[in-house]
Amino acid sequence: MRKILVPLLLLMLLCVSLAAPAGGEDAVTLQLDTAKLPVFEADDPLVSGLLAEQEGDALPVLLVSLKKSVQLRITVLPKNLKNKKVALSVDNGDIVRIRGNTLTGQALGETVLTIASAQEPTAQIQYRVLVIQPVTRISLVPSAKFVYVGETITLAPTIQPENASILKTTFASSAEQIATVDENGVVTGLKRGSARIIVTAMDGSNVRANISIPVQQKAEEVQLKEKEITVDVKRTSMLHATVLPKDANDKGVLWTSSDESIATVNNQGRVTGVAPGDCEIICTSKVNEAASTKAVVHVQQPVTKITLYEASTVYAGETGQITWSVEPANATNPGIQLSSGNPKILQVSEDGTLTGIAAGETVVKAVSTDGSNRRAQIKVRVLQHLTGVHMYRKTAYLDVRESGSALAVLEPNKLVNTNMTWESGDESIATVKPVANQPKAMITGVRTGDTYVTGTTEDGGYQATIQVRVGDFSHLMRITDAFIDGKGRVRVTVKNKSDDLYITAVTLEIEAFKHNGKKAHINAKDGSNICKATYRGNIAPGRYSPDNGWKMIDYDENVEFGQMIVRVVEYQIENDWIKVLRKNVQPTYEYWLDY
């Protein structure tokens, strides 16, 4: 592009020839400020092909975009001239519209603009005005996402609209120390980093686009820490690669085996032995095939696995047996060495005989003797024989279709065989189901009545019995009153509705709300609006609890609230059975504060 400013001397001579001074006065001259205007010489290749052929017409060319306006800044000299107004005119008003000093492109084409002094009409300057279809958008599509140092990629700008009059653009780099770009959009990477490439339309529309081009350092060499390794069949060993130079962006490598029937390698360089023999492992840069190296791998067949069987339990003072197997069957030396994790609990001989010494738990360990260091272990419990059993609770109080757990206490209560069988005295009243691997059973009420459930130990055949009463035991309690006293303490009174059972402990749940219905955060521990209260003491059949015997749990007395909902969530019957109430049968009492 050859943007020009009309040389001042030539302009002055032109003005002198157009406006001769009268009476010796200074000549009137006009100057157009073209610093920010797209003005070109008529023979500039950027515009010459768009101009109509007019032989000898060398007027400078001013570009105006279609439907766009250009404001002209015109200076009239001399400075002391009284009338500095100018008149603008064009040969074809259909091409360009003039309003004051503003030109607006009306239609594609060209016309001649004349700027004349109002005081001295013969003082004039002229331009060929070319109305063009401007560029409205430029999109950049690189031929690659990045460029390597010392290599190139090409940017292909897409111009919109397709019928833009001038399609040529200029390119520039924001960081020429990192990447340069030539006039054809060819970007050359110089050093690692990122450069923003800017493309600008040359039609004066000022439309531009830019794109950030990363410059990456390509891997040039791969080195292996290990030149030769030995690996067992079905075992692994790591190879460690280093990619140079250190500032290479992509240090990824590809691993391959020269013979996968002998050894394979994964994408982290972990080599796995497949069969005895030798092969090579090749490591190559992901981005540069020329950067490659290799290591020699020797594969041998050792013991690969030891499995221990049986004898998971032994009783103190008695013996058991442990057996084992070694893989593969063709291992050169299949021998193993056995040892006890704690000889004070368990001892083991070379042939696998176990001898229980004292109650406890330990492991039997095995290690290969061929140097492969293959290991295995099995957990062994040394148990004591039971001496007795009793039930943790004497009586179970269940509702019809309600289940509860019955726990047997084994004597001694540690490191014993906990397996038990359970039987109901009357399955029409209550059924029983054992809990696996625990001295516990689930009892379910069937119909109202009393029966017994008996548990029998597998070791020694000891028995324990629990009485089962099936009835309506979820409705033994009623809240008769609940309020907050003058000191902010919660007071609750509950009644034991039973005719023959003592209630020996009660647990309440208190839910608090503010006067506006929002939650009142009364729980000082977790910040919720719910806390619990407990009462420990006997409540005789038909009797009431005192209202001041409750222990509040995590209750913040400083939190004010307007409503509380009190629920009985569980109670203890006869200092024995704890009755946990389902939500739908929990006795509830609501209390609203007056303040």
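Among the aspartates and glutamates, select those whose C-alpha is under 14 Å from the C-alpha of Lys365, and discard any that sit fewer than 8 residues away in the same chain. Those aspartates and glutamates meeting the cut-off are Glu310, Glu350, Asp351. Close amide H contacts of Gly425 (hydrogens built in the peptide plane, cut-off under 5 Å, sequence separation of 5 or more or a different chain): Tyr452, Val453, Thr454.
Each Lys and Arg Cβ is given +1 and each Asp and Glu Cβ -1; about its Cα centre, region 305-383 then shows a dipole of about 280 debye. In region 443-513, a dipole from Cβ-located charges (positive for Lys and Arg, negative for Asp and Glu) runs towards its positive end, and of Met477, Phe513, Gly445 it is Phe513 whose Cα lies farthest in that direction. With Cβ to Cβ distances under 13 Å as the rule, what net charge do the other residues near Ala172 carry (K, R +1; D, E -1)? Its environment carries a net charge of -1. Dipole magnitude for the chain: about 1540 debye, using +1 per Lys or Arg Cβ and -1 per Asp or Glu Cβ, origin at the Cα centre. A simple rule links phi to the HN-Hα coupling: the Karplus curve 6.51 cos²θ - 1.76 cosθ + 1.60 with θ = phi - 60°, which for region 127-132 gives 9, 7, 9, 10, 8, 10 Hz, with x for Gly and Pro. Of the cross-linked pairs Lys36/Lys168; Lys495/Lys525; Lys394/Lys525; Lys518/Lys583; Lys344/Lys440, those separated by over 27 Å at the C-alpha level are Lys495/Lys525; Lys394/Lys525; Lys344/Lys440.
When Kirkwood radius over Cα pairs in Å is calculated for this entry, the matching label among [x] 36.9; [y] 29.0; [z] 25.8 is [x].
The phi torsions of region 503-515, fed into the Karplus equation with coefficients 6.51, -1.76 and 1.60 and a -60° offset, translate into couplings of 9, 10, 6, 9, 10, 10, 10, 10, 10, 10, 9, 6, 4 Hz, rounded to whole numbers, with Gly and Pro shown as x. Taking amide hydrogens as placed 1.01 Å from N in the peptide plane, the amide H of Tyr555 sits under 5 Å from those of Ala524, each at least 5 positions away in sequence or on another chain. Measuring between alpha carbons in the structure, the pairs from Lys234/Lys294; Lys145/Lys251; Lys433/Lys497 lying more than 29 angstrom apart are Lys433/Lys497. Give, to the nearest whole percent, the P(r) tail of region 157-285 beyond 18 angstrom, counting all Cα pairs. Summing the P(r) of region 157-285 above 18 Å gives 66 percent of all pairs. Can you list, bin by bin at 10 Å, the percent of alpha carbon pairs in region 252-390, starting at 0? The percentages, shortest bin first, are 11, 28, 20, 16, 14, 8, 3, 1, 0. Once the Cα atoms of helix 8-18 and of the chain are each reduced to a long axis, what angle between those two axes, in degrees from 0 to 90 to the nearest 10, is obtained? Helix 8-18 sits roughly 50 degrees off the main axis of the chain. Residue ranges 272-283, 515-526 sort as 272-283, 515-526 when ordered by packing (mean number of other C-beta atoms within 10 Å per residue, highest first).
Each 5 Å bin from zero up to the one holding the largest Cα-Cα distance in region 305-383 carries the following percent of pairs: 3, 17, 29, 22, 13, 9, 5, 1. Ignoring aspartates and glutamates fewer than eight residues from Lys225 along the same chain, the ones with Cα atoms less than 17 angstrom from its Cα are Glu280. What the Cα atoms of region 221-300 give is an Rg and a Dmax of 12.4, 39 Å. Candidates Val233, Asn210, Pro245 compared by Cα position along the dipole of region 173-281: farthest toward the positive end lies Asn210, with charges placed on Cβ.
The amide H of Ala291, built 1.01 Å from its N in the peptide plane, has Ser285 as neighbours under 5 Å, considering only residues 5 or more places off or on other chains.
Every number in this text was worked out from the coordinates using simple rules, so none of it is lab data. This one's a predicted model, so the numbers in the text were calculated from it and none came from an experiment. Note: ideal-geometry Cβ built from the backbone for every residue, glycine included; neighbour counts use all protein chains shown.
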